[in-house]
Structure formats: structure tokens, C-alpha cells
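Everything below concerns the one structure shown next.
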Amino acid sequence: MLRAALIGLPSSGKTTLFQLMTSIRDAPRGKGDVNIGISKVPDDRLDKLTAMYNPRKRVPATVEFTDMIAPARAGAQALVDVAGYKNADALVHVIRAFRDAAVAHPAGSIDPARDAQTMEDELILADLGVAERRLERIERDLKKGRSTELEKERDLVQRCREALEQGTPLRALQLAGDDLKRLRGFQFLSAKPLLLVINLDEADVADVGADLARAADKTGLTAFLAHASTRAVALCAKIELEISQLEGADATAFLADLGLAESGLDRVIRTSYDLLGYVSFLTVGEDECRAWSIARGTQAQLAAGEIHTDIARGFIRAEVVAYDTLIARGTMAACREHGEVRLEGKEYIVQDGDIINFRFAT
Ligand SMILES: Nc1nc2c(ncn2[C@@H]2O[C@H](COP(=O)(O)OP(=O)(O)OP(=O)(O)O)[C@@H](O)[C@H]2O)c(=O)[nH]1
Ligand SMILES: [Mg+2]
């Protein structure tokens with residue numbers, strides 16, 4: 001399951017967004033450090049399959065959101081100190097663009113570009129400390145004896161330090177393969193995928209709609225976004241939360257009035273998936289129809305492990321049919337008759353929308 005942590009200045013709208021994403025309307029306060037909630041991933045394909053199989057259970061993929069309870073600041077320090085934050089797969093930075101004089105801004109004025117840069121600087125500064133400490137240790141160890149692996153690590157961490165010193169977040173380096181593995185243990189904050197959520201003012205929603213370029217222009221974030229090496233979504237958390245409490249048809253009509261084809265929840269999740277390169281595969285049956293999330297490029301045996309470690313361990317074959325094929329044929333039996341249910345091995349790369357039945361031995 002994808003785990004996302006909400007960060008941002010005080011009163012930027014983190015808890016409002018958390019409520020929108022998780023349907024937890026009165027999150028408990030004062031119990032531990034963080035609120036944790038689950039968001040169901042909207043999925044048309046799962047809806048269609050549920051209609052086809054009429055299963056006892058329909059289980060969507062989920063995303064877990066973490067929100068600090070009444071933090072002094074949910075900035076880089078929280079990410080370093082609080083476990084639920086440190087282990088997040090992705091960070092969601094809520095940037096205040098709503099004006100409301102009744103809600104004080106810690107810096108005394110509304111300036112989304114300044115706030116976006118402040119958070120970026122915090123992440124970079126925290127990482128710079130980690131990189132420098134690591135380099136000192138590597139140099140000390142290298143004096144004791146040569147090691148090719150340590151030298152490789154030193155070169156990589158040096159590259160990271162140079163980027164950070166120039167104000168470049170590590171996610172912009174687009175590291176891959178062994179380099180990515182070497183960095184994993186450090187939990188560099190600026191290397192984590194980051195989604196920016198521009199929390200619009202009520203008065204700007206109708207004008208902006210779902211047009212990100214216009215939202216950026218309106219909130220002075222165009223230049224920042226051009227260099228941020230990340231993705232953004234613009235929404236008004238307060239209005240979206242009000243709309244989400246309406247009945248389905250009313251909510252759709254309300255969104256359409258504002259020029260929005262999709263709810264804020266859908267947009268935040270879809271953009272997070274794009275950002276992380278996540279795709280879904282599905283399992284079907286009379287008992288349960290279910291969607292599962294995996295990273296793009298995941299092999300069948302690893303994907304099986306999402307369901308259960310036993311299935312991965314005893315993996316024999318994956319029976320795979322593409323979603324579009326099943327919908328076109330109408331039944332799994334018809335797909336079989338036409339030879340469209342493929343048998344795939346451990347190393348098969350699971351595709352978005354694959355419907356899979358894993359064969360395994362226990
Ligand atoms: N006008 C307006 N107010 C908003 C919007 N989003 C949040 N607020 C209000 O701003 C205040 C702070 O929102 P929260 O969601 O609690 O912000 P937060 O980032 O969780 O704040 P802390 O947890 O204290 O750091 C609340 O009174 C919200 O109702 C918005 O889009 N427009
Ligand atoms: Mg809060």
C-alpha cells in the first residue's frame with residue numbers, strides 16, 4: 001500500500017485535506033503524534049468487474065495518509081523525528097493559497113511561492129546534514145582500507161551533496177539502479193516523490209477549474225513549478241470537503257458547476273499514482289473483486305507477494321487476461337475459449353489493468 005505523509009506550514013489546510021482524502025471527519029486529537037487514515041482509490045474498472053461478478057466483497061486499492069496532530073510545524077523536522085513520516089513513500093505538501101483573514105498565516109502574509117520554497121529548502125538542508133555526516137564516516141573508513149563499494153558510495157554521496165549545495169532536490173537527479181539502492185538506506189527527504197497541493201481560495205476555484213497552468217499563474221507558482229521536478233494539483237480543500245458530503249449526483253453537479261470533471265480526491269490520488277509510477281492489477285471471483293497497487297515494472301512473482309507471501313513463495317504461474325479483453329468478451333470462459341487467457345511466468349512484467357489468477361503450491 002502506498003503511504004503518503006502530509007507536510008506544510010501551520011494552517012495551510014493539511015487536516016482539511018486529510019479529512020477529504022480519508023473520510024475521517026473528526027480525526028482524534030492528542031492521541032499520539034499523528035492521524036493515520038485510509039483512502040480508497042477510485043477505480044472504474046473495479047466498478048465494472050463488480051457489476052460483472054456480483055461478488056460478496058468489493059475491495060479497492062488503498063492509500064494511507066498521515067497527518068500531524070496540531071504540529072508546531074509539519075516541516076522537515078517532523079519528517080526526521082516521526083516514524084510515520086520518515087517511512088512515507090511520498091510527501092504531499094499542502095501550500096496555502098487561500099486568503100481568509102480569519103486564519104492567521106505564520107509568516108503574516110499569503111505567498112505560495114515563498115512557502116513552497118521554504119519547504120524545499122528545509123528538505124534540502126536536512127539532507128545536506130545527512131550527506132555530510134555520511135561522507136565523514138566513509139572517509140574515515142576508507143583510511144582504514146580500500147573498498148570499491150565504499151568508493152562508489154562516496155562518489156554518489158558527493159554528487160548528492162553538490163546538488164543539495166546548489167539547492168537542487170535529490171529527486172531531480174533521477175537516480176536509478178544501483179545508485180538508487182545505495183541511497184535507500186539514508187531516507188533522503190528531498191529524494192522522496194513530492195506532490196504539491198495548491199490549496200486555492202474559494203473565490204478562485206470557478207476561474208481556475210482543473211487548469212493547473214492557470215492555478216499556478218493565479219497563485220504566483222509558475223516559476224517554482226517549472227523547476228520543482230515534481231507534480232502539482234490545485235484544489236480548494238474546504239469546498240471539496242463540503243462537496244464530498246453531498247450525495248453522488250449532487251456532488252457531480254456541483255463539481256461540474258465549478259468546471260471540474262473529477263473530485264479533488266480523485267485528482268490527488270491519480271496524480272500521486274502517476275508521480276510514483278504505480279499501476280493496478282485486479283483479482284476477480286464470486287467471493288471478492290479487488291484492485292492491487294504495484295510499481296510499474298513489477299514482476300509477477302513480486303506482485304503475487306502483495307496478496308500473500310505464500311503465493312509468491314509457491315508461485316507456479318499467473319493466468320492473465322487484459323481488462324479490456326474480459327470486458328469485450330463478457331465472461332472469463334469466453335476469454336478462455338478464444339485463447340486469450342495467457343499463462344505467464346515469474347518474470348512477467350505485470351501491466352496496468354491485468355486481471356490475474358495466481359496458481360501456487362503451498
Ligand atoms: N477559506 C479557507 N479556509 C480553509 C481552506 N482550507 C482550510 N481552511 C481553514 O484553515 C484552517 C486551518 O486548516 P487545517 O486544515 O486545520 O490546517 P492544518 O494545516 O492542518 O493546520 P495545523 O494542523 O494547525 O498545522 C481551518 O479553519 C480551515 O477551515 C480553504 O481552502 N479556504
Ligand atoms: Mg492539522
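Read-outs: derived from the displayed coordinates by stated rules, not from any lab. What you are looking at is a predicted structure, and each value in this text was computed from that prediction instead of being measured. Cβ sites come from the backbone with ideal geometry, for glycine too, and all protein chains shown count toward neighbours.
Listing for the model above:
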{"quantity": "Set of region 159-181 residues, backbone N closer than 14 Å to the point 7 Å along the Cα-Cβ line of Leu142", "calculated": "159-162"}
{"quantity": "Glu288/Gln174 FRET efficiency (R0 41 Å; Cβ-Cβ; nearest 0.05)", "calculated": "0.60"}
{"quantity": "Calculated [θ] (222 nm, deg cm²/dmol) that DSSP helices of n ≥ 4 give over the chain, each run adding -39,500 (n - 2.57)", "calculated": "-13500 deg cm²/dmol"}
{"quantity": "Whichever lysines have a C-alpha closer than 22 Å to that of Lys143, once near sequence neighbours (fewer than 8 apart) are set aside", "calculated": "Lys152"}
{"quantity": "Residues in region 169-213 reached by a label modelled at Ile349 [backbone nitrogen below 18 Å; 7 Å Cα→Cβ]", "calculated": "175-178"}
{"quantity": "Selected from Val103, Val233, Val94 as most flexible by GNM, with the chain as the system and alpha-carbon contacts under 10 Å", "calculated": "Val103"}
{"quantity": "FRET E, pair Gln166, Ala328, Förster distance 56 Å, beta-carbon r, rounded to 0.05", "calculated": "0.60"}
{"quantity": "Length released on extending from Asp207 to Arg336, taking residue separation times 0.36 nm less the Cα-Cα span", "calculated": "41.4 nm"}
{"quantity": "Separation of the Glu149 and Met1 label points, Cα + 7 Å toward Cβ, nm", "calculated": "3.4 nm"}
{"quantity": "Label-point separation, Arg99 to Ile69 (7 Å along Cα→Cβ), nm", "calculated": "3.6 nm"}
